[in-house]
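One structure is given here, and the rest of the page talks about it.
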Amino acid sequence: MAEITSYSVIRNGKAWVNGQEVFSSSTSYDEFIKELYRDQKIGYPKFFKMDRLSKLGLVTSELLLSDQKISEEYSPDKIGIYLANNAASLDTDREHQNTIQNRNDYFPSPAIFVYTLPNIVVGEIAIKQKIKGPNNFFIFDKFDASFFASYVTDQMKLNKSETCLFGWVNVDGEEYDSCLFLAEKKKGICPLNTTSIERIYNR
Amino acid sequence: MVSIADHSIVSPYGIGSELSFQQIKEGNSAVQLNSNSTLSPTPTYLAKIENSLFSKIKVSHHTRLESMMIRAIEDAVSKSRVDLKSEKTLLILSTTKGNIDLLEDHDYKGFNKSRSYLGALSKHIGDYFKTSNTPLVVSNACISGGCALELGSDFLQTKRYNNIVVCGGDVITEFVISGFRSFHALSEGPCAPYDKDRDGINLGEAAACVVLSSNSNSNIQLIGSATSNDSNHISGPSRTGEGLYLATLNALNQAQIDAGELDYISAHGTATNYNDEMESIAFGRAFINETPLNSYKGYIGHTLGAAGVIETILTIICLQKNVLIKSLGYMNEGTSQPLNVIETTHSSELKYALKTGSGFGGGNNALIFRKN
């Protein structure tokens, strides 16, 4: 049976790892996420080129894996990443739309356009964490614990993944919310089921 | 056992898989030069659904994409005996951009602002068919369709559902044209997958629906599926073809067949320099570069979230009809690893086919189909 071996949450100006608060600041999202990045000494200059969704996903994955050694314990193609959110990439989509709204001021940019897909955050996490396994991105109205519990269990049962990084990464204007989990087939913090996932997300 | 119970295509050719397949078999491309200045300041080669056809597709109170997806689902489900209202049926929608065209307009083309969210796409299509389960939305760039089929297959294998209806769709918008043009990824003419002079993609517009079932007498099965990430670059394919190589190997492994048993590869072949080159390297590493291969992009363009589904349907029909379709636009070898690109449409006995896709974000997907 798989268990949740780590989890990290970023919302409301605070960051937690396995239930412990690790950072707090009352600045707006764009400042907050940079402060948190610096506080965690992530040292990954590419971070500053990322869109707001990828920044949130990357930092949450760093918190999640800070005490984990998945790249040593698992083959890179057996680590899965399954993420979901509500706003897809609409936050950056609106930014790209602004560049083409006016024919007299038409300046579409590849640096923005590439982030107009929600799964780019999965790609950014895969590059940073050296993960080559299955990956997918889902859209839900709101966080769906029972979907994750059944889907992640299935993926591990079918041997598509030996360990899974999964959860929620959402940015929409000034709203932001992320909650990532690591599931492994070993003793962890709590079992991989709907109740545990829901309890952690709602804390 | 995961079988393909039925399918449908809504494309610039019209409504119905067989209709699209016949046009493609006859060598007719849906790609045309489009000079509509509301879509792009410069004329662009596109495979776009014309207004006269769309008027037959349009479903009142629904957006362009919703209408296309509803027609594809209706057509596929009407032929199979799948009950969309059953708790044991799940509808999966795959799209890269959903109703993104609504952002172009200050009043969201008369719809509510919330309609631009993908959750609304799920709600409105689910409500139309009165599904018990909320349709699940997959948005994983150009591999969305393949990933949705893999997901459906996984759900049938773990017996969470008895039937899965997968519908992929995307519409052509100024949003997407301007973005790909800023990347210099659009071709100046009809696209030419794998050709020496290829210079980029043609965008296409379609919806396509596949019904997967664990209880069907269909002779086509989905026997292997895998997804891998290049872990290399978010917008450029891997130079070593790593993710596609791994996905292909893992899918073959699940299918329990040898690479040499594949009769046909229905590849992604976007006709960008980097993508097609990467595929040649990955297929070379997997020792399948002598297997007959084609891309359908020369006929229907790159249909983004629909690509994996529509191209899967065309692949299945090829298996059933024992025919290999010419890879339109290919003239001269243009990849560092040689590929066996299909140059003329011809009959050939087929049993196993591989369908692949690769996309932004570094994702690669491989599906293996068997005809009994």
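Each reported figure results from applying straightforward, stated rules to the coordinates on display, with no laboratory input. As the structure is a prediction and not an experimental result, all values here were calculated from the model. Ideal geometry is used to build each Cβ from the backbone, glycine not excepted, and the neighbour counts take in all protein chains shown.
Some observations on this one:
- Averaged over the residues of B:223-233, the number of partner chain Cβ atoms lying within 10 Å of the residue Cβ comes to 6.
- Cα centroid of the stretch A:33-54 to Cα centroid of the stretch B:39-81, whole Å: 41 Å
- Normalised contact order of the stretch B:220-371, rounded percent, pairs of Cα under 8 Å and 6 or more residues apart: 38 percent
- Projected over every direction and averaged, the convex hull enclosing the alpha-carbon atoms of the stretch A:114-203 yields 6.7 nm².
- Which of B:Glu311, A:Glu162, A:Glu35 has the fewest Cβ neighbours within 10 Å, and the rest in rising order: A:Glu35, A:Glu162, B:Glu311
- Charge tally in the Cβ shell below 13 Å around B:Ile57, where Lys, Arg are +1 and Asp, Glu are -1, B:Ile57 excluded: 0
- Taken as Cα centroids, the stretch B:193-227 and the stretch B:1-30 sit 11 Å apart, rounded to the nearest whole angstrom.
- The charge dipole of the protein assembly as shown, taken about its Cα centre with unit charges on the Cβ atoms of Lys, Arg (+1), Asp and Glu (-1) only, comes to about 900 debye.
- Residues B:Thr345, B:Thr335, ranked from the fewest to the most other C-beta atoms within 10 Å, line up as B:Thr345, B:Thr335.
- Residue-span extension gain [B:Asn217 to B:Asn372] - 0.36 nm each, minus C-alpha spacing: 54.8 nm
- Average beta carbon contacts from partner chains per residue of A:123-133, 10 Å cutoff: 6
- Residue-averaged 222 nm ellipticity for chain B, from DSSP H runs of 4+ at -39500 (n - 2.57), nearest 500: -9500 deg cm²/dmol
- Rg and Dmax, both from the Cα atoms of the protein assembly as shown and both in Å, are 22.1, 68.
- Rounded to the nearest whole Hz, the Karplus-based 3J(HN,Hα) values (6.51 cos²θ - 1.76 cosθ + 1.60, θ = phi - 60°) of the stretch B:43-59 follow the sequence x, 9, 7, 9, 9, 10, 6, 6, 4, 5, 6, 4, 4, 7, 8, 3, 10, with x at glycine and proline.
- For chain A, the longest principal axis of the C-alpha atoms and the axis of helix A:52-64 are separated by about 20°.
- Inter-centroid distance (Cα atoms) of the stretch A:83-153 relative to the stretch B:314-351, Å: 34 Å
- Relative contact order (percent, whole number), chain A, Cα cutoff 8 Å, 6+ residue spacing: 34 percent
- Fraction in percent of alpha-carbon pairs per bin - 10 Å, the stretch A:1-75: 18, 50, 26, 6, 0
- Chain B - percent relative contact order, Cα under 8 Å, separation 6 or more: 23 percent
- The antiparallel fraction among DSSP beta bridges confined to the stretch B:220-371 stands at about 70%.
- Listed from fewest to most Cβ neighbours within 10 Å, the set A:Cys190, B:Cys318 follows the order A:Cys190, B:Cys318.
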